[in-house]
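What follows is one structure encoded as structure tokens, with my remarks underneath.
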Amino acid sequence: MAYDGNVRVGGEPHVHELADLVITKVAVGPMENNAYLLRCRATGEQVLIDAAAEPETLLRLIGDDGISSVVTTHRHGDHWGALRAVVDATGARTLAGRHDAEGIPVPTDVLVDDGDTVRVGRVELTARHLAGHTPGSIALVYDDPHGHPHVFSGDCLFPGGVGNTFGDSRAFASLVDDVETKLFGPLPDETWVYPGHGKDTTLGAERPHLQEWRERGW
């Protein structure tokens, strides 16, 4: 079955198979978060993005091969609810944006800054600091050498707009500026976007609406 990323809580994970990387997406409750398991084809190393909830579901997904790291995209509790349980079960190290780490109750082993490299075996992803939804939110960009880029956007970019900035106009301006400069600017329309909740999208599907988002202010 072709990957479409339309997962649901309690449903089956969806698998996006790339030449060097296998991406498995699962939805977990109670806030319908997406978690992503990345596996390097060459080495078998695995990294989890957002241990959001349902540790038993995530640990089944991880399987016997374990994970080397868990990346938390931002400090909101629905994105780290299962982090302690997953780290205790796997011994994985933890990564998070430098400016959000203090808001995550599980200690962060690696503080991530804009432009840092996050490795999954031989695969490299680039961290992008996108301030606004939270001070230290990060996205991860995989520029697939065999195809188009892939972005794990946390709660910073969704189908139909940027993440919630809770009525703070300065935070909104910061987020939409960062998203436009660091994602839409350098990356092509074919770039696949994997958000923290809900369905996937592409930069091409969202690009025509950037000015509309700015005008509406959310």
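The numbers here are math on the coordinates, done by the rules we state, and not lab data. What you are looking at is a predicted structure, and each value in this text was computed from that prediction instead of being measured. Cβ atoms come from the backbone with ideal geometry, glycine included; neighbour counts cover every protein chain shown.
Overview of values
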{"item": "Net charge, Leu59 excluded, C-beta distance under 14 Å - Lys, Arg +1, Asp, Glu -1", "result": "-3"}
{"item": "Kirkwood-based shape ratio for the range 14-216, expressed as Rg/Rh from alpha carbons", "result": "0.94"}
{"item": "Gain in span if fully extended, Leu111 to Ala42, counting 0.36 nm per residue against the direct Cα distance", "result": "22.2 nm"}
{"item": "Extension reserve of the Trp218-Arg84 stretch, reckoned as 0.36 nm per residue once the Cα distance is removed", "result": "45.0 nm"}
{"item": "Positive minus negative residues near Gly29 (Lys, Arg vs Asp, Glu; Cβ under 11 Å)", "result": "-2"}
{"item": "Helix-derived mean residue ellipticity, 222 nm - over the chain, DSSP H n ≥ 4, -39500 (n - 2.57), to 500", "result": "-4500 deg cm²/dmol"}
{"item": "Cut-off 9 Å between beta-carbons: net charge of the residues surrounding His14, Lys and Arg +1, Asp and Glu -1", "result": "-1"}
{"item": "Loop-located GluC sites (Glu not before Pro) in the range 164-212 whose Cβ has at most 14 other Cβ within 10 Å (DSSP)", "result": "Glu190"}
{"item": "Euclidean distance of C-alpha centroids, the range 121-160 and the range 74-94, integer Å", "result": "19"}
